[in-house]
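Let me begin by presenting the structure, written as structure tokens, before commenting on it.
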2 protein chains.
Amino acid sequence: MKLEELADRCGEWLRGSGPQSDIVISSRIRLARNLAAFPFIRRCSEADRQAVDRAFRDAVAAVEEWKDIIFFDVNSLGTLDRQFLVERQLISRELSEASGARSVFVDRHETFSLMINEEDHLRVQVMHSGLDLTAAWEQISAIDDALGKNVSFAFHQRLGYLTACPTNVGTGMRVSVMLHLPALVITQQIEKVFRSLQKMGLAVRGLYGEGSQAMGDFYQISNQITLGSSEVDLVKQVGEVIPVIIDYERQARAFLVKESRKDLHDRVSRAFGILCTAQTISSEETLHLLSSVRMGINMGLIQDLEIPTINKLFIHTQPAHLQKLRGITLETADRNVERALYLQTHLRKRTDQN
Amino acid sequence: MKLEELADRCGEWLRGSGPQSDIVISSRIRLARNLAAFPFIRRCSEADRQAVDRAFRDAVAAVEEWKDIIFFDVNSLGTLDRQFLVERQLISRELSEASGARSVFVDRHETFSLMINEEDHLRVQVMHSGLDLTAAWEQISAIDDALGKNVSFAFHQRLGYLTACPTNVGTGMRVSVMLHLPALVITQQIEKVFRSLQKMGLAVRGLYGEGSQAMGDFYQISNQITLGSSEVDLVKQVGEVIPVIIDYERQARAFLVKESRKDLHDRVSRAFGILCTAQTISSEETLHLLSSVRMGINMGLIQDLEIPTINKLFIHTQPAHLQKLRGITLETADRNVERALYLQTHLRKRTDQN
């Protein structure tokens with residue numbers, strides 16, 4: 001499959017149909033694994049990296065159910081293509097920006113990806129729509145087992161899985177849930193919620209993981225500690241706190257509807273109006289406005305528009321996606337015009353149908 | 001005619017079809033006159049005011065062509081009705097806020113009004129759409145003559161017409177042109193233009209005359225001096241400078257189209273989008289956005305919408321008009337909601353037809 005074919009589609013995690021999907025965008029788990037026979041990435045020669053890459057290609061090829069898996073040789077991709085995969089959350093910024101042999105396997109539904117030669121030899125990622133950590137855990141555990149049959153992972157009897165960075169040693173697992181929390185932001189309660197989460201040993205990050213800014217009221221909440229707890233315990237730890245945050249967000253939304261329904265309606269309706277009429281628009285403003293519209297739909301303040309449409313626009317209006325969809329490379333100013341055109345077309349089409 | 005019947009209509013000066021009407025909203029001339037037999041207003045007793053009022057009722061009744069003229073006894077009108085007449089530019093704030101016997105006559109097409117017991121015993125106002133000072137001058141001169149046949153105005157051989165305020169002595173005339181100058185505002189040339197006008201003895205005021213703020217990029221330019229020049233000279237003085245300002249505005253628009261067409265298109269298109277989708281909106285924001293849309297239509301950046309529609313919205317979205325159209329009195333917050341609804345209905349209807 002060519003990368004272009006992915007552009008117009010949407011990953012499973014964007015379906016917007018999973019449990020609590022008005023607030024929970026996606027449930028994600030990743031595992032860090034390293035091959036016992038090779039040094040960690042930072043000490044790898046280019047020959048080592050190539051050998052690691054080859055070992056995983058063989059291991060993946062040996063799994064019967066994965067015979068139509070999609071493969072991208074990230075090292076041979078141009079900047080735009082790599083950025084495209086980052087925007088789609090199929091590879092990390094780190095894998096995109098590294099050098100030397102590195103690659104990624106993605107299943108056709110984009111529920112999982114296998115990054116080769118990222119910070120570790122292997123990063124497995126599973127992503128599901130809505131709040132569904134159990135399904136994500138079952139899937140990633142099966143993937144781990146399937147690969148484990150064909151390669152030998154670096155594992156220490158007492159420490160568990162060995163990883164390039166000590167913060168990942170043990171389970172090598174990060175459980176994270178992406179939440180849309182606009183009402184907690186509007187009511188200025190978000191900082192308080194984050195401080196509580198940090199005290200519980202959970203991390204809060206922006207849309208694109210570590211070091212990224214929270215944009216459009218999207219937040220990733222994940223475990224900090226990977227050592228000393230079982231995988232099931234980690235899933236449970238994150239899984240137990242998310243419903244509490246969901247409840248806070250719901251309370252904040254109810255409060256807003258009760259206290260300032262008109263102002264809220266005004267805010268989301270104007271956001272929709274600007275998205276439909278702007279002639280040039282940055283990705284940051286787009287994210288911000290789509291976030292308002294998303295909340296508006298979920299609160300019944302905007303009709304004739306569906307969450308999957310908005311989720312798709314979040315992804316498709318990003319810089320690399322826009323250029324891939326258009327089939328040409330564009331400078332920032334031209335991208336802003338193209339983005340406005342794309343939004344107009346897709347939002348007006350929707351409303352005209354009704 | 002009842003005041004309510006005026007509400008849904010539009011005055012002649014809002015037709016938007018006069019010469020240069022993309023930039024010139026209206027051409028207005030007013031004359032200040034006083035009856036020789038009575039003291040100036042500030043020294044009038046209430047009995048004097050009533051006698052002045054009666055004298056003008058008789059004088060107006062004596063003019064054959066004015067038999068279907070509309071009359072409002074301003075003193076007996078409530079606050080809302082008086083505000084309505086101010087918004088419509090048929091009476092001044094001063095007449096609205098004064099006390100005692102005072103009234104106004106308005107012709108059915110709202111091309112002229114006769115205010116009785118304003119700062120002077122009589123203020124005659126003629127207002128035409130676009131740049132048409134000659135027609136305005138001919139009409140007001142005929143009105144002055146018609147009234148002069150039936151009353152005796154205070155006139156001094158050397159000074160000319162005597163008025164309550166010395167700044168109006170002589171011709172008692174103010175010639176003013178209302179201009180829409182958004183491009184001079186955007187390109188930050190407006191202050192420079194105003195300084196030049198002041199040096200030429202011309203005054204610049206906002207939408208509602210003396211002391212009012214310039215809102216929505218609308219400016220009234222008028223003569224300061226009424227003494228020592230003939231009426232025709234005053235019309236000529238203002239009439240000669242307006243085409244220069246029009247030319248500046250056109251140059252600024254051309255510059256904007258050339259240098260930043262996309263940003264300009266974005267600005268006017270978003271303004272339209274917000275007007276169509278806001279759920280609550282102040283009159284000040286409405287004025288500001290309608291101003292952008294008006295410029296957009298005139299520059300061909302917005303289609304399927306006509307200037308008279310926008311001109312009408314300028315008037316109808318004002319506080320008193322909104323309440324008159326709705327038939328109830330409304331607090332500010334409710335007016336803002338009602339205004340948003342009115343804008344949605346009238347702007348969406350227009351675009352749906354196309």
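The values are calculated or read from the model by the stated rules, or taken from the named source; none is laboratory data. Just so it is clear, the structure is predicted and the values come from calculations on it, not from any experiment. Please note: Cβ atoms are built from the backbone with ideal geometry, for glycine as well, and neighbour counts cover all protein chains shown. To get the accessible areas, we keep the full protein, side chains included, count just its heavy atoms, and leave off ligands, DNA and RNA. Shrake-Rupley method; radii C 1.70, N 1.55, O 1.52, S 1.80 Å.
What's the angle, to the nearest 10 degrees (0 to 90), between helix B:332-352's Cα axis and the longest principal axis of chain B?
Value to nearest ten degrees: 60.
Enter the Cα centre distance for the pair the stretch B:61-82 and the stretch A:65-86, rounded to the nearest angstrom.
Comparing the Cα centres of the stretch B:61-82 and the stretch A:65-86, I get a distance of 79 Å.
Do you know the relative contact order of chain A, to the nearest whole percent, from alpha carbon pairs under 8 angstrom that are 6+ apart?
Relative contact order of chain A: 20 percent.
Over the Cα atoms of chain B, how large are the radius of gyration and the largest Cα-Cα distance (Dmax), in Å?
Cα only, chain B: 20.8, 64 Å (Rg, Dmax).
Per residue Cα convex hull volume for the stretch B:1-46, in cubic angstrom?
Expressed per residue, the convex hull around the Cα atoms of the stretch B:1-46 is 168 Å³.
Mean-square fluctuation check for chain A, GNM, Cα pairs under 10 Å: which of A:L325, A:L122, A:L287 is largest?
Between A:L325, A:L122, A:L287, it is A:L325 that shows the largest mean-square fluctuation.
Going by a ≥ b ≥ c, the root eigenvalues of the Cα gyration tensor, does the stretch A:250-322 fall in the rounded group (a/c under 1.5), the prolate group (a/b larger than b/c) or the oblate group?
Details: a/c = 2.27, a/b = 1.85, b/c = 1.23.
Prolate.
So which GluC sites (Glu not before Pro) in the stretch B:177-267 pass both tests, a DSSP loop state and at most 16 other Cβ atoms within 10 Å of the Cβ?
B:E210
Hey, what did the stretch B:3-177 get for relative contact order, percent, Cα under 8 Å, at least 6 apart?
Relative contact order for the stretch B:3-177 comes out at 38 percent.
Which one, A:S26, A:S269, A:S45, has the greatest fluctuation when you compute a Gaussian network model over chain A with C-alpha springs under 10 angstrom?
Among A:S26, A:S269, A:S45, the largest GNM mean-square fluctuation belongs to A:S45.
Among A:L162, A:L90, A:L77, which one moves the most in a GNM of chain A with springs linking Cα atoms closer than 10 Å?
Judging by the Gaussian network model, the answer is A:L77.
How much accessible surface area, in Å² rounded to 10, belongs to the heavy atoms of B:C276 with a 1.4 Å probe?
About 10 Å², rounded to the nearest 10.
What is the spin-label model distance, in nm, from A:D68 to B:K192 if the labels are put 7 Å beyond Cα along the C-beta direction?
Calculated label separation equals 6.7 nm.
Could you pull out the trypsin sites (Lys or Arg not before Pro) across the stretch A:155-205 that fall in loop regions by DSSP (anything but H, G, I, E, B) with no more than 12 other Cβ atoms inside 10 Å?
Hits after loop and neighbour filter: A:R158.
Leaving out ligands, DNA and RNA, calculate the buried accessible area for the pair B and A with a 1.4 Å probe, summed over both sides, in Å² to the nearest 100. Each step should come with its number before you reach the end.
Details: alone 16080 and 16070 Å², together 30760 Å².
Counting both chains, the buried surface is close to 1400 Å².
Run the helix sum for chain A: -39,500 (n - 2.57) per DSSP H stretch of 4+ residues, divided by residue count, reported at 222 nm to the nearest 500 deg cm²/dmol.
Theoretical 222 nm ellipticity from helices: -15500 deg cm²/dmol.
What is the spread of the Cα atoms of the protein assembly as shown along each of their three principal axes, largest first, in whole Å?
116, 47, 41
Set the Förster distance to 22 Å, then compute FRET efficiency between B:L159 and B:R54 from the Cβ-Cβ distance, nearest 0.05.
Plugging the Cβ-Cβ distance into 1/(1 + (r/R0)^6) gives 0.20.
With respect to the symmetry axis carrying chain A onto chain B, which residue of chain A exhibits the smallest Cβ distance to that axis, and what is the value in whole Å?
Reported as residue, whole Å: A:G273, 2.
Suppose all protein chains stay in the model; what accessible area per residue would a 1.4 Å probe give for the stretch A:221-354, in Å²?
On a per-residue basis, the stretch A:221-354 sits at 45 Å².
Within 10 Å of each Cβ in A:261-270, how many Cβ atoms from other chains are there, averaged over the peptide? Before the final figure, lay out each step's value.
Values: counts 1, 7, 3, 1, 5, 9, 3, 2, 8, 11.
The shielding value for this peptide is 5.
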